[in-house]
Amino acid sequence: MRQVISVVNLKGGVGKTTSAVNIAACWGEIGKKVLLVDLDPQGSASLSVGKSSEGMELLQALQNKTALPVVSTDVPGVDLVPSGIALAKTGQWLSGGEAVNFLTPCLEQTHGDWEHIIIDCPPSLGVLSHNALMASQHVFVPVEASFLGLNGVQQMMTAIDAVKIHNPSIKIEAVIPCRAHRRRRIHWDIMDKLKAMFPGRVSPIIRENVSLAEAPGRGKPVIMSSRISKGSDDYRLVTLWIDERMNRAENVIENNFTGFQLQKTYN
Ligand SMILES: Nc1ncnc2c1ncn2[C@@H]1O[C@H](COP(=O)(O)OP(=O)(O)O)[C@@H](O)[C@H]1O
Ligand SMILES: [Mg+2]
């Protein structure tokens with residue numbers, strides 16, 4: 001089954017785009033087919049895989065005028081729905097506000113053999129992020145290890161609970177500590193708090209690393225721009241961790257294991 005995943009956090013600069021792009025690329029590297037949907041008018045995910053767009057085609061697709069624009073990329077296994085500044089106009093034509101669910105039908109009508117559709121959300125909980133959450137079964141939340149970062153996660157949980165009324169199957173699959181500095185005491189304090197809040201769902205950390213800061217400027221994910229780097233190692237590991245978690249959860253449900261085993265899987 002096609003899995004739709006939103007990468008969300010209303011805070012900017014925490015590693016949403018970096019995570020969406022690099023997890024997509026790591027999936028591609030292990031032979032999976034992935035559709036990366038750039039839902040941020042800044043178009044950072046598009047630029048990070050060497051593509052740019054005005055965003056008009058995506059806007060029209062969301063308005064149900066055309067099909068979702070899908071382009072291939074030089075990243076093995078990864079196709080892209082590119083975004084651009086025109087998408088910032090989304091709010092203007094939406095009189096119904098946040099309740100409008102226009103992305104789900106767009107994705108349903110888009111055919112491709114993708115195992116995962118990963119959506120890079122803008123740094124807000126506006127209409128675009130709301131639509132991404134409505135269309136997703138899974139959520140990845142990149143978090144920066146800071147007091148304000150933790151506060152942002154709490155706000156995210158509230159927002160996801162609100163979406164659950166319309167989309168009950170949605171769940172936070174992974175909380176990804178990004179831009180981590182292990183030598184700072186606050187890092188360990190925040191990690192303890194995150195693990196208490198999300199038992200079994202806090203992924204291995206992504207360290208602050210220059211390879212990740214440089215990769216977008218080269219229009220390539222880190223595993224292509226700096227194959228041997230801390231950034232590549234960290235995203236490969238996090239992707240394996242995510243796969244293991246998602247596969248286990250799927251197998252448990254498919255095999256109809258007992259609740260006890262299910263609980264063990266999640267903790
Ligand atoms: N682990 C990291 N190490 C170094 N730089 C990073 C790391 N993660 C993200 N960055 C850089 O920080 C900036 C913000 O990251 P980004 O993923 O765009 O955040 P968001 O999408 O949440 O706004 C970008 O310039 C990105 O290259
Ligand atoms: Mg971003």
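Here, each number is a calculation from the coordinates, and none is a lab measurement. These figures come from a predicted structure and were not determined experimentally. Please note: Cβ atoms are built from the backbone with ideal geometry, for glycine as well, and neighbour counts cover all protein chains shown.
Once the gyration tensor of the Cα atoms in region 3-266 is diagonalised, the equivalent ellipsoid follows with semi-axes of 26, 22, 19 Å, ordered largest first.
Of the cross-linked pairs Lys51/Lys230; Lys32/Lys220; Lys65/Lys89; Lys11/Lys230, those separated by over 20 Å at the C-alpha level are Lys51/Lys230; Lys11/Lys230. Counting Lys and Arg as +1 and Asp and Glu as -1 over every other residue whose Cβ lies under 11 Å from the Cβ of Arg227, the net charge comes to 0. Couplings for region 181-198, taken from phi via the Karplus curve 6.51 cos²θ - 1.76 cosθ + 1.60 with θ = phi - 60°, read 10, 5, 7, 8, 4, 4, 4, 5, 4, 5, 4, 4, 5, 4, 5, 6, 6, 10 Hz in order; Gly and Pro are left as x. Based on DSSP H segments of at least four residues, each scored -39500 (n - 2.57), the chain has a per-residue ellipticity at 222 nm of -12500 deg cm²/dmol.
DSSP bridge analysis restricted to the chain gives an antiparallel fraction near 5%, rounded to the nearest 5.
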